[in-house]
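Here is the structure we will look at, set down as structure tokens.
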Amino acid sequence: MNYMRGFASWIAFAIVSSAGWQWGALAGLVTGAVLLIKDCKAGVAAESLIMESSTVCYFVALTAVAFALPHSELRHYGGSMSLGWLALTAWATLAVDRPFTTGIAKRQAPPAVWETPVFRRINVVITSVWAAAFTVTAAVLALVTVEGLGSEVSVPVQVAGFVLPALFTARYPERIRARFLQAAR
């Protein structure tokens, strides 16, 4: 569930954007900032808040652009830009060898497994799946916007872009742990 909590800002943005993209951006920023501050005050480690920190940075920039240029054509690309940002964040964490899912997983896994190759591999794979899903979804949403296909197409694309990697995230670690334990016998 910690994975999905991190998307609260994006959900707020999507819902409130119907009243104007600048208000959606502001809703995303406020939601993200509140959650980030709450987690920091609760003592959550910075490595567990990579996506939350990145989200706040994104919404700071988007809010500034949206209020400065409310009629910009960028307003039509909110979904693809958001997912593109998430993709960049996920790929960057892989590039610096700190998959964003590691900090989240450490909040749930016992410290004894944090330095194991299996734990590391699970998080590299899960982060890669999220990065690929964000990338593909961003590209498809940009195409949907260019082609003017509307929300009848964009909403299912966005849902699939989150649900499929979430399902993978929920199931993959247990499968790998089971394989590892069977191989260790």
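The values are calculated or read from the model by the stated rules, or taken from the named source; none is laboratory data. None of these values were measured; they are calculated from a predicted model. Glycine also receives a Cβ, built like all others from the backbone with ideal geometry; neighbour counts cover every protein chain displayed. SASA here: full protein model, heavy atoms, side chains in, ligands and nucleic acids out. Shrake-Rupley method; radii C 1.70, N 1.55, O 1.52, S 1.80 Å.
Observations
- Verdict on TRP91 being among the aromatic types (Phe, Trp, Tyr), at pLDDT 95 or above and within 16 Å of the chain's Cα centre (by Cα): yes
- Only a single item in (1) part of a helix (DSSP H, G or I); (2) modelled with pLDDT of 90 or more; (3) of a type in the set (Val, Ile, Thr) is not met by ILE11, and it is number (2).
- One residue stands out among those in the stretch 59-87 that are open to solvent by less than 20 Å² (accessible area, probe 1.4 Å) and of a type in the set (Ser, Thr, Tyr): the one that is modelled with the lowest pLDDT, which is SER82.
- Matching residues, the stretch 31-46, being in contact (Cβ under 8 Å) with a residue 40 or more places away in the chain and surrounded by 14 or more Cβ atoms within 10 Å (Cβ to Cβ): VAL44
- For ALA133: the one exception among (1) touching a Pro at 6+ places or on another chain (Cβ under 8 Å); (2) open to solvent by 60 Å² or more (accessible area, probe 1.4 Å): (2)
- The condition of being at pLDDT 95 or above and open to solvent by less than 50 Å² (accessible area, probe 1.4 Å) holds for only one of ALA105, ALA138, that being ALA138.
- Candidate set: the stretch 160-179, residues that are under 12 Å from the mean Cα position of the chain (by Cα) and small (Gly, Ala, Ser); chosen: the one least open to solvent (accessible area, probe 1.4 Å): GLY161
- In the stretch 142-159, the qualifying residues are those that are open to solvent by less than 40 Å² (accessible area, probe 1.4 Å) and more than 10 Å from GLY84 (Cα to Cα), and the one that is farthest from the chain's Cα centre (by Cα) is GLY150.
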